[in-house]
1. Which of the residues spanning region 91-113 are more than 26 Å from VAL166 (Cα to Cα) and either of a type in the set (Asp, Glu) or open to solvent by less than 90 Å² (accessible area, probe 1.4 Å) (or both)?
2. Which residue, of TYR157, TYR181, is open to solvent by 80 Å² or more (accessible area, probe 1.4 Å) and either in contact with a helix residue (DSSP H, G or I) (Cβ under 7 Å, 6 or more places away or on another chain) or touching a residue at least 60 places away in the same chain (Cβ under 8 Å) (or both)?
3. Out of all the residues in region 185-195, which are part of a helix (DSSP H, G or I) and in contact with a helix residue (DSSP H, G or I) (Cβ under 7 Å, 6 or more places away or on another chain)?
4. Do we find a residue being free of Cβ contacts under 8 Å to residues at least 12 places away in the same chain, part of a helix (DSSP H, G or I) and more than 30 Å from GLU168 (Cα to Cα) anywhere in region 93-110?
5. Find all pairs meeting these conditions: Cβ atoms under 9 angstrom apart; at least six residues apart or on different chains; first residue within region 120-133 and closer than 16 Å to SER164 by Cβ and open to solvent by less than 40 Å² (accessible area, probe 1.4 Å); second residue of a type in the set (Phe, Trp, Tyr) and part of a helix (DSSP H, G or I).
Amino acid sequence: MNSIVPIFILFILLVASITTTVVILHSSIHSLQLSYQGDIAKVNEHIQTVQSQQSNYVQQVKTLTKLVSESLNATDEYIHNITNAVSETQDVINQDMATVQDIQDNQSSLMAVQFAGMFTILVILVSGYHLSQHLRHMHSPVVQRKIMAVLWMTPIYSLSCWLSLVFESAEPYLAVIREFYESYCVYMFFSFLIA
């Protein structure tokens, strides 16, 4: 029996040490569970914070996208308005240039008519003076009549040319008169040479 007591004591010690180990392990596991639960709660809280920040970032990105889209639309509209204004301005400038060209053409043709009229009057005055001198001093009428017919060439020719400038539609009819008198003048010149 003596040997049973030490075995029994050993058995009790063994059971006590196993029980102590189990209790210690159980409390360690329990503390680890509590620690893990705290860590899991912190991780979940961090995940929620990250998700909240991500949601805020997504909202900010949507807002920025909307603002950029509105800005681009406004810029496109602004560019379209500028393009329209430029094309309208080009049309106005082209119309003004055409108007100025018409005015310049009219002024240059008016200036040509004025110069032609001035020289026509000058030619009529000079020829009139020569014709009047021949009429006043008619010493040889046969020859002087032919000279006077030739002298009438310049006023008739200059007057018909000036009228052709003023009345462009009448130019063909005036050209006929001019050509007839030119041929008459050539006839009178040859008559003068013969006389």
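1. Matches in region 91-113: ASP91, VAL92, ILE93, ASP96.
2. Only one candidate qualifies: TYR157.
3. Passing the criteria: CYS185, MET188, PHE189, SER191, PHE192.
4. Checked region 93-110: at least one residue is free of Cβ contacts under 8 Å to residues at least 12 places away in the same chain, part of a helix (DSSP H, G or I) and more than 30 Å from GLU168 (Cα to Cα).
5. Taking only residues 6 or more apart or on different chains, the pairs are THR120/TRP162.
The values are calculated or read from the model by the stated rules, or taken from the named source; none is laboratory data. These numbers come from a predicted model, not from an experiment. Heads up, the Cβs are rebuilt from the backbone with ideal geometry, glycines too, and the neighbour counts pull from every protein chain shown. All accessible areas refer to the heavy atoms of the entire protein, side chains included, with ligands and DNA or RNA removed. Shrake-Rupley method; radii C 1.70, N 1.55, O 1.52, S 1.80 Å.
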